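Comments concern the structure below.
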Amino acid sequence: MIVVVGSLNMDMTVRTGRAPGPGETLLGKSFALSPGGKGGNQAVAAARLGGEVTMIGCVGQDAFGREMLEVLRGEHINTRHIAELAEQSTGVASIVVEEDGENRIIVVPGANLALSAEDIAGLESVIGEAEVLVLQLEMDLNMVEHAAGIARKHGVPVILNPAPARELGDGLLSLVTYLTPNETEAEILSGITVDSIDSAREAAGILLHKGVQHVIMTLGSKGALVVNKNGSVHIPGFPVQPVDTVAAGDSFNGALALQLAKGRMLEEAVVFANAVGALAVGKVGAIASLPYIEEVERFLEETVQSGKEQ
């Protein structure tokens, strides 16, 4: 079982040719409401790939919260441990997607921040039974660290996707089995400017020194860099034309969690996660872009066949 402790947001997505500058008003091309949040996205990503997923989080007792729960249940995710709060609104994310697929996001956490360390302590038995615990940073940081500590106590591997980017203490980092920053997040966490594979490796080395066991740095179209005490390996990405990068990192993390829960070797798991991420950026939306296992298997088979023909 994969346990995801994380955010549940309603995404409000505007598509436009380019993002407006300060004080500028532009006409957008489209608008859509869709359930998301980093936690919700990662849970759905793992479930669509065949994982047994339990979601822990909070929503408001409002229309957005009801829709979020309905979507998760439709994906066969265990929602028993998602609280519905009358005094809080469901979190929302305002997303601007440009023509080249790049995005700018503002998150209003709402009910997400209501999940406390005390609440998580009451769910120790759920976390302790997990094969993998997945965490992100759209939640209360004390709660995130407490959840990681419970996982460590029970020998459960912890994946921490350190997004949105923010500085983290060594106490939390020392509880992380797999840290999955992108280049920007790695810069903030390490203090190293990441603009090449060599600088990415240097930044990862600093994070290992802080107690992380494995750093899996996502590098966009360049794939991912895996660094641990045994050395480093660059795993190339799959060449695709990006349409929308909103859930790229979330799809990667959900796929990684699934593969690790199945006992796959880390490098093999990252190749699979790269493929899932590549498929996700080829579609519009967050949850709507997350591929099913059949799509991923077909994509990998076609890629292998294409490589043999070249």
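The values are calculated or read from the model by the stated rules, or taken from the named source; none is laboratory data. Fair warning: this is a prediction, and the values are worked out from it, not measured in the lab. FYI the Cβ positions are ideal-geometry reconstructions off the backbone, even for glycines, and counts take in every protein chain you see. For accessibility, only protein heavy atoms count, side chains too; no ligands or nucleic acids. Shrake-Rupley method; radii C 1.70, N 1.55, O 1.52, S 1.80 Å.
Among the residues that make up the range 140-149, is at least one of them surrounded by fewer than 17 Cβ atoms within 10 Å (Cβ to Cβ), part of a loop (DSSP other than H, G, I, E, B) and at pLDDT 95 or above? Before you say what the answer is, go through the steps one by one.
In the first step, residues of the range 140-149 are kept if they are surrounded by fewer than 17 Cβ atoms within 10 Å (Cβ to Cβ); the result is 141-142.
Within this subset, residues satisfying the condition of being part of a loop (DSSP other than H, G, I, E, B) are none.
No.
Identify the residue in the range 205-223 that is closer than 21 Å to residue 148 by Cα and in a strand (DSSP E or B) and, among all such residues, is most open to solvent (accessible area, probe 1.4 Å).
Step by step, filter the range 205-223, then rank; the result is 214.
Quick check on the range 83-95. Is at least one of its residues open to solvent by less than 50 Å² (accessible area, probe 1.4 Å), over 18 Å from the mean Cα position of the chain (by Cα) and over 24 Å from residue 2 (Cβ atoms)?
Within the range 83-95, one or more residues are open to solvent by less than 50 Å² (accessible area, probe 1.4 Å), over 18 Å from the mean Cα position of the chain (by Cα) and over 24 Å from residue 2 (Cβ atoms).
Just to be sure I understand, how many residues within the range 1-46 are surrounded by 24 or more Cβ atoms within 10 Å (Cβ to Cβ) and either among the charged types (D, E, K, R) or assigned to a helix (DSSP H, G or I) (or both)?
10
On the basis of being in contact with a strand residue (DSSP E or B) (Cβ under 8 Å, 6 or more places away or on another chain), open to solvent by less than 10 Å² (accessible area, probe 1.4 Å), touching a residue at least 24 places away in the same chain (Cβ under 8 Å) and of a type in the set (A, V, I, L, M, F, W, C), does residue 280 make the cut?
Numbers: in contact with a strand residue (DSSP E or B) (Cβ under 8 Å, 6 or more places away or on another chain): no; open to solvent by less than 10 Å² (accessible area, probe 1.4 Å): yes; touching a residue at least 24 places away in the same chain (Cβ under 8 Å): yes; of a type in the set (A, V, I, L, M, F, W, C): yes.
Spelling it out, it is not the case that residue 280 is in contact with a strand residue (DSSP E or B) (Cβ under 8 Å, 6 or more places away or on another chain), open to solvent by less than 10 Å² (accessible area, probe 1.4 Å), touching a residue at least 24 places away in the same chain (Cβ under 8 Å) and of a type in the set (A, V, I, L, M, F, W, C).
Considering only residues that are of a type in the set (Asp, Glu) and in a loop (DSSP other than H, G, I, E, B), which ones fall in the range 224-274?
Just the residues of the range 224-274 that are of a type in the set (Asp, Glu), to begin with: 244, 250, 267-268.
Across the range 224-274, the qualifying residue is only 244.
Here is a list: 164, 157. Which entry is in contact (Cβ under 8 Å) with a residue 60 or more places away in the chain, open to solvent by 10 Å² or more (accessible area, probe 1.4 Å) and either in contact with a strand residue (DSSP E or B) (Cβ under 7 Å, 6 or more places away or on another chain) or not hydroxyl-bearing (Ser, Thr, Tyr) (or both)?
Values: 164 fails: in contact (Cβ under 8 Å) with a residue 60 or more places away in the chain.
Testing whether each residue is in contact (Cβ under 8 Å) with a residue 60 or more places away in the chain, open to solvent by 10 Å² or more (accessible area, probe 1.4 Å) and either in contact with a strand residue (DSSP E or B) (Cβ under 7 Å, 6 or more places away or on another chain) or not hydroxyl-bearing (Ser, Thr, Tyr) (or both) leaves just 157.
Can you work out which of the residues in the range 96-122 that are of a type outside the set (D, E, K, R), outside any helix (DSSP H, G or I) and out of contact with any strand residue (DSSP E or B) (no Cβ under 6 Å at 6 or more places or on another chain) is least open to solvent (accessible area, probe 1.4 Å)? Spell out how you get there, then give the answer.
Residues of the range 96-122 that are of a type outside the set (D, E, K, R), as a first pass: 96-97, 101, 103, 105-117, 120-122.
Checking which are outside any helix (DSSP H, G or I) leaves us with 96-97, 101, 103, 105-109, 115-116, 122.
Pick out the ones that are also out of contact with any strand residue (DSSP E or B) (no Cβ under 6 Å at 6 or more places or on another chain) and you get 101, 116, 122.
On the way: 101: 0, 116: 30, 122: 63 Å².
The extreme case among them is 101.
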